[in-house]
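The next block holds one structure in the form of structure tokens; read it before the comments.
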Amino acid sequence: MRKKVKVYTKRMRGFEGCPPREPFSRILWSWLGSLVAIYIISSLNEKIHIDPTDTLFLVGSFGASAVLIFAAPQADFSQPRNFLGGHVISALVGITLYKFLHLEIEILSAIAVSTAIVVMHLTRTLHPPGGATALVAIVGGAQTHALGYLFAFFPILLDSFVMFSIALLINNLSSNTKRHYPRYWF
């Protein structure tokens with residue numbers, strides 16, 4: 001038993017050093033893409049909503065998506081299938097669970113995130129911020145819940161499409177042949 005614990009804890013040490021910092025030009029492209037994308041989504045939120053304190057279109061999981069599609073556009077998690085599918089599928093999972101499972105918010109939140117992960121795996125659309133999108137469908141405000149399944153398409157799919165379009169434009173402006181987007185579509 002002691003040997004198993006030692007082997008187990010040895011895994012936690014890590015086996016590699018920290019990778020080098022990205023070149024400054026790549027960092028600037030990441031900054032520009034995320035700046036434009038989040039600004040446009042924020043502007044949509046401002047223009048579409050009557051109540052200025054409501055941030056329905058400014059879904060927190062899109063901040064994490066911006067990191068992936070602008071700072072790591074070559075990652076599998078960043079590809080269109082994963083980015084678009086992961087958000088929409090996770091929103092649908094969260095909405096469905098909220099509508100049909102009447103449980104305490106703590107357990108419902110946990111079920112939504114873990115189920116979204118399973119469904120994203122099964123559909124090959126794994127996008128880590130999708131877990132947060134499923135969670136927002138559970139813990140979101142009254143307006144989120146009132147939208148029901150429409151939430152998956154307006155704002156989630158709309159925001160995803162806006163960010164994806166910007167990622168196509170910005171990530172392909174660079175003259176660096178390794179900075180292109182996407183690697184694959186579906």
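Read-outs: derived from the displayed coordinates by stated rules, not from any lab. Since the model is a prediction, treat every value here as computed from it, not as a measurement. Cβ placement follows ideal geometry from the backbone for every residue including glycine, while neighbour counts extend to all protein chains displayed.
Let's see how each residue does on (1) of a type in the set (A, V, I, L, M, F, W, C); (2) touching a helix residue (DSSP H, G or I) at 6+ places or on another chain (Cβ under 9 Å); (3) under 30 Å from N176 (Cα atoms); (4) not in a helix (DSSP H, G or I):
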| site | (1), (2), (3), (4) |
| --- | --- |
| V67 | yes, yes, yes, no |
| L84 | yes, yes, yes, no |
| H87 | no, yes, yes, no |
| S90 | no, yes, no, no |
| S109 | no, yes, no, no |
| V136 | yes, yes, no, no |
| H145 | no, yes, no, no |
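Just to verify a result, which residue in region 152-179, among those that are touching a residue at least 40 places away in the same chain (Cβ under 8 Å) and part of a loop (DSSP other than H, G, I, E, B), is nearest to the chain's Cα centre (by Cα)?
R179
Anything in region 115-134 that is within 11 Å of G85 (Cα to Cα), assigned to a helix (DSSP H, G or I) and either touching a Leu at 6+ places or on another chain (Cβ under 6 Å) or touching a residue at least 60 places away in the same chain (Cβ under 8 Å) (or both)? List them, or say none.
Hits for region 115-134 are M120, G130.
Take L84 and decide whether it is buried (at least 19 other Cβ atoms within 10 Å of the Cβ) and without any contact (Cβ under 8 Å) to a residue 60 or more places away in the chain.
So L84 does not fit the description; no.
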